[in-house]
Amino acid sequence: MNYSYLDTPIGTLLIAGDEQGIHRIEFPDNGKARRPEPGWQESTRGPVAEALRQLREYFAGRRSLFDLPLTPQGTEFQRTVWNRLQEIPYGETISYGELAKRVGNPKASRAVGAANGSNPIPIVIPCHRVIGSNGKLTGFGGGLPTKEALLALEAKQLRLAAG
């Protein structure tokens with residue numbers, strides 16, 4: 001597995017992948033960049049290099065869609081949820097209940113929430129765009145301030161684009 005770090009407004013991200021695609025993006029832990037797994041090689045080639053480029057563009061407000069090969073590891077249900085997450089438009093939010101409907105099981109909002117929380121490729125697979133049914137921000141692997149910052153970045157870019 002190859003990895004690299006990217007300094008962003010939300011902290012230093014660890015991006016990991018191989019020649020097939022991106023496997024993980026990890027948020028900092030208590031303000032410190034995550035450490036790579038033993039045996040990983042620091043490299044800025046292939047999909048990792050492209051992820052670095054696209055994430056820089058995202059944080060600069062020049063990218064609203066990602067075009068990366070993704071290889072998240074998870075159950076079939078988790079992968080279904082992660083695919084539906086990628087259909088949520090930039091700058092928009094939906095509730096866990098709505099996501100459960102889109103997955104095809106309206107009563108599965110807790111299971112959808114668990115799958116959302118285990119998303120190994122946040123930002124690119126935009127789990128930050130899912131909020132509580134009351135419109136409030138709820139749990140997020142990167143912390144609620146990070147979720148708020150990502151949503152604010154997208155809202156700001158939409159306002160600038162509108163004019």
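Once you have all Cα-Cα distances for the chain, histogram them in 10 Å bins from zero and send the whole-percent values.
Taking every Cα pair in the chain, the percentages come to 11, 40, 37, 12, 1.
How big is D, in µm² s⁻¹, for the stretch 76-162 by Stokes-Einstein at 20 °C and 1.002 mPa s if Rh is the Kirkwood radius over C-alpha pairs?
Values: Rh = 12.9 Å.
Estimated via Stokes-Einstein, D reaches 166 µm²/s.
Could you state the orientation-averaged shadow area of the convex hull built on the Cα atoms of the stretch 1-97, in nm² to one decimal?
On the way: hull surface 28.8 nm².
Convex hull of Cα atoms, orientation-averaged projection: 7.2 nm².
Give a residue-ordered list of calculated ³J(HN,Hα) values for the stretch 39-46 (Karplus: 6.51 cos²θ - 1.76 cosθ + 1.60, θ = phi - 60°; whole Hz; x for Gly, Pro).
x, 6, 10, 6, 7, 10, 10, x
Which whole-number percent of Cα pairs in the stretch 1-44 have a distance greater than 11 Å?
Values: 582 of 946 pairs.
The share of Cα pairs beyond 11 Å in the stretch 1-44 comes to 62 percent.
Would you mind computing, in nm to one decimal, how far apart the modelled labels at Thr138 and Arg79 are, each placed 7 Å from Cα along Cα→Cβ?
Output for this residue pair reads 2.6 nm.
Quick one: compute the contact order of the chain, relative version, from alpha carbon pairs under 8 angstrom and 6+ residues apart, as a percent.
Details: 249 pairs, mean separation 32.6, N = 163.
Answer for the chain is 20 percent.
Restricting to the chain, what percent of DSSP beta bridges are antiparallel, rounded to 5? Each step should come with its number before you reach the end.
Values: 13 of 19 bridges.
The antiparallel fraction comes to roughly 70 percent.
I'd like the FRET efficiency for Glu57 and Leu158, computed as 1/(1 + (r/R0)^6) with the beta carbon distance as r and R0 of 22 Å, rounded to 0.05. Walk me through the numbers before you get to the answer.
On the way: r = 16 Å, r/R0 = 0.72.
About 0.90, to the nearest 0.05.
Of Glu42, Glu76, Glu50, which is the most mobile in a GNM of the chain whose springs link Cα atoms less than 10 angstrom apart?
Looking only at Glu42, Glu76, Glu50, the largest GNM fluctuation is found for Glu76.
At 222 nm, what value in deg cm²/dmol follows for the chain if DSSP H runs of at least 4 each add -39500 (n - 2.57) and the sum is divided by all its residues, to the nearest 500?
Values: 5 runs with 60 residues, N = 163.
When only DSSP H runs of four or more count, the value is -11500 deg cm²/dmol.
Can you list residues from other chains, or at least 5 along the same chain, whose modelled amide H is less than 5 Å from the amide H of Gly143?
Here nothing satisfies the definition.
If contacts are Cα pairs under 8 angstrom and at least 6 residues apart, what is the relative contact order of the stretch 2-59 in percent?
On the way: 95 pairs, mean separation 22.0, N = 58.
So the answer I get is 38 percent.
Taking the chain as a Gaussian network, Cα atoms linked when under 10 Å apart, which of Leu65, Leu55, Leu151 shows the biggest mean-square fluctuation?
Its mean-square fluctuation being the largest, the pick is Leu65.
Pick from Gln78, Gln20, Gln86: which residue has the top mean-square fluctuation in a GNM of the chain where Cα pairs under 10 Å get a spring?
Gln20
Where a number appears in this text, it was derived from the coordinates with a stated rule and is not lab data. Quantities reported herein were computed from a predicted structural model and do not represent experimental measurements. Using ideal geometry, Cβ is built from the backbone for each residue, glycine included, and neighbour counts are taken over all protein chains shown.
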